[in-house]
Amino acid sequence: MKKRSKKYRENNEKVASLGKVTLPEAIKVLKQLNGAKFDETVELSLKLGIDPRKSDQILRGSFSLPHGLGKERRVIVFAEGDKADEAKEAGAIEVGGPELAAKIVEGWMEFDVAIAVPAMMRHVGKLGKVLGPAGKMPSPKSGTVTDKVGQAVSEFRAGKVEYRNDKSGNVHIPVGKKSFEEDKLVDNIQALLDHIKTSKPPTAKGGFMQKAFVSSTMSPSVELDLK
């Protein structure tokens, strides 16, 4: 903690004495903390009762936040022909096939979401080692491998978020900007919590959603009272 900035330490002292609070209280506290000069992203972090070593307990999906993310996301699409035209009309910043895959292999990563039509996965599959660690690998479970490319591009540009648990069984999901009105952040987070609750893997035992925290880019976390 000594290596943290004075501002962060002061904010942490305010948060440390709170304990678990309701979602509206947590957002109110978060917005009152002394923040950065830029509009920070607010994130929901969850500790889940899953075994991430088991493939049937991997949690992965996507969700359209009621009030979006507060910024337009950059979407690329692996498609050709009519599907490529559909993606461009919907606002994809880059559309292509093997040449787009080659561009990424060479180091280009200036995008937030990658979408692919199923027929293009023979090219995209080779990018697993590049896109996987960055959380940008197209997947049917997250809605980023689809023939409905126009709809997918529009949704992800507007704020549809992808999520996947990490190696410790935790999930970190952006839910908006600190400048959002309090009720909009509450709406986004509550809708996402309700969605995650319905996504419990059938083989997961015991309590599913064990802990939940909200934080902004430069702030300490505030723990939510899930009861």
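Points to keep in mind about this one:
- Each of Val145, Phe78, Ile196 was placed along the dipole of the chain (beta-carbon charges, centred on the mean Cα), and the one lying farthest toward the positive end is Ile196.
- Of Lys141/Lys200; Lys88/Lys126; Lys20/Lys167; Lys54/Lys160, pairs whose Cα-Cα distance is over 22 Å: Lys88/Lys126; Lys20/Lys167; Lys54/Lys160
- Relative to the Cα centre, the charge distribution of the chain, modelled as +1 at Lys and Arg Cβ and -1 at Asp and Glu Cβ, gives a dipole magnitude of about 1180 debye.
- Compared with the alpha-carbon gap, the fully stretched path from Lys211 to Asp194 is longer by 4.7 nm at 0.36 nm per residue.
- Model label sites at Arg4 and Lys37, defined 7 Å from Cα along the beta-carbon direction, differ in position by 2.3 nm.
- Sequence-distant residues sharing a close amide H with Thr217 (under 5 Å, placed H): Thr41
- Using 0.36 nm per residue and subtracting the Cα-Cα separation, the extra length available between Ser17 and Asn170 on full extension is 52.7 nm.
- Simple label model, 7 Å out from Cα along Cβ direction - Asp85 to Ala119, nm: 1.4
- Per-residue [θ]222 nm for the chain (sum of -39500 (n - 2.57) over DSSP H runs n ≥ 4, rounded to 500): -9000 deg cm²/dmol
- Relative to the dominant Cα principal axis of the chain, helix 182-197 is inclined by about 70°.
- 3J(HN,Hα) along region 65-72, derived from phi through the Karplus expression 6.51 cos²θ - 1.76 cosθ + 1.60 where θ = phi - 60°, amounts to 5, x, 10, x, 9, x, 8, 7 Hz, with x in place of Gly and Pro.
- In summary, the aspartates and glutamates within cross-link reach of Lys136, defined as a Cα separation below 19 angstrom excluding same-chain residues under 8 places away, comprise Glu43, Glu72, Glu94, Glu99, Glu106, Glu110, Asp112, Asp147, Glu155, Glu162, Asp166.
- Scattering from region 75-158 was approximated by placing one identical point on each alpha carbon and applying the Debye formula without solvent; log10 I(q)/I(0) at 0.23, 0.26 1/Å stands at -1.08, -1.42.
- Whole-Hz ³J(HN,Hα) from phi, Karplus 6.51 cos²θ - 1.76 cosθ + 1.60, for region 10-27, glycine and proline x: 5, 5, 5, 5, 5, 7, 4, 7, 6, x, 7, 10, 5, 4, x, 5, 4, 5
- Highest average first, the peptides 39-51, 190-202, 106-118 ordered by how many other beta carbon atoms sit within 10 Å of their residues are 39-51, 106-118, 190-202.
Laboratory data are not the source of any read-out in this text; all were calculated from the coordinates shown. What you see is a predicted model; the values in this text were computed from it and never measured. When we count neighbours, we look across all protein chains shown, and the Cβ atoms used for this are built from the backbone with ideal geometry, even at glycine.
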